[in-house]
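The next block holds one structure in the form of structure tokens; read it before the comments.
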Amino acid sequence: MNITSATFLKSVIRIEECPRDGRPEIAFVGRSNVGKSSLLNALLNRKGLAKTSTTPGKTQMINFFDVNRRFYFVDLPGYGYAKVPKGVKSEWSRVMTAYLRHREPLKLVVQLLDARHTPSDKDHEMLELLRRARVPVLLAATKIDKLSRNERTRNLKAIRADLDLDDDAVIIPFSAVTAEGVKPLWEIIAPCLKSPT
């Protein structure tokens with residue numbers, strides 16, 4: 001994918017505030033600190049476009065990025081570790097659920113999983129929500145560069161077993177450091193952008 005332009009458009013806290021132009025949307029979900037912003041920046045070949053942080057819970061709203069003036073990347077709040085009031089977490093959950101279940105321009109959700117660990121309860125809950133919403137899902141195993149070759153094989157197999165995935169389910173190993181996984185991700189994302197609304 002040739003990225004000619006990628007700009008931050010806006011942050012929203014209500015579904016009504018989402019863009020209304022009908023452009024295709026690719027959303028990214030994952031637990032706090034799994035590397036969503038780093039993955040977005042790597043896919044768009046832009047350093048610092050999506051703000052990264054070592055502090056979990058940095059993304060607190062639904063962030064829209066205008067790509068090539070043709071489609072949107074959507075960065076959803078991280079789940080699991082953010083140190084925020086319970087009421088705020090509850091509101092995040094409500095808005096994210098509404099977005100994932102009812103957003104018509106949404107073509108694909110990329111769910112990020114930390115390759116170093118088996119999926120958490122929150123990872124399972126999100127995958128189940130996506131299954132119920134009948135949204136196409138692509139799994140990306142982040143921070144793969146931090147594993148040895150043996151650990152990598154073992155961990156990817158463990159993730160697949162833990163999530164009870166079919167043999168044909170795709171998990172793309174990804175590293176923001178080495179850019180491994182950028183091309184395979186685009187190979188799946190790009191056709192989704194051409195599918196009819």
- If Asn68 passes every condition in (1) at pLDDT below 90; (2) out of contact with any Phe, Trp or Tyr (no Cβ under 9 Å at 6 or more places or on another chain); (3) surrounded by fewer than 17 Cβ atoms within 10 Å (Cβ to Cβ) but one, which one does it miss? (1)
- Residue by residue through the stretch 138-156, note down the ones that are closer than 18 Å to Ile189 by Cβ and modelled with pLDDT under 95. none
- Query: What tally of residues in the stretch 138-197 results from selecting those that are closer than 23 Å to Ala42 by Cα and acidic (Asp, Glu)?
  - Reply: 3
- Restrict the check to the stretch 72-88 and report whether at least one residue is modelled with pLDDT of 90 or more, farther than 15 Å from Ser32 by Cα and in contact with a Lys or Arg (Cβ under 7 Å, 6 or more places away or on another chain). yes
- Answer yes or no: is there a residue in the stretch 181-196 that is surrounded by fewer than 16 Cβ atoms within 10 Å (Cβ to Cβ), among the acidic types (Asp, Glu), out of contact with any strand residue (DSSP E or B) (no Cβ under 7 Å at 6 or more places or on another chain) and not in a helix (DSSP H, G or I). no
- Qualifying position, being crowded, with 17+ Cβ neighbours inside 10 Å, of a type in the set (A, V, I, L, M), in contact (Cβ under 8 Å) with a residue 12 or more places away in the chain and in a helix (DSSP H, G or I), among Leu138, Leu108, Leu129, Leu113: Leu129
- Just give me the residues in the stretch 141-154 being among the small types (Gly, Ala, Ser) and surrounded by fewer than 18 Cβ atoms within 10 Å (Cβ to Cβ), in sequence order. Ser148
- Note on the structure: Reported set for the stretch 142-173 where residues are out of contact with any Lys or Arg (no Cβ under 8 Å at 6 or more places or on another chain) and either outside any helix (DSSP H, G or I) or of a type in the set (Phe, Trp, Tyr) (or both) is Thr142, Ser148, Leu163, Asp164, Leu165, Asp166, Asp167, Asp168, Val170, Ile172
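The values are calculated or read from the model by the stated rules, or taken from the named source; none is laboratory data. Please read these numbers as outputs of a predicted model, since none were measured by experiment. Counting neighbours? That spans all protein chains shown, and the Cβs are built from the backbone with ideal geometry, glycine included.
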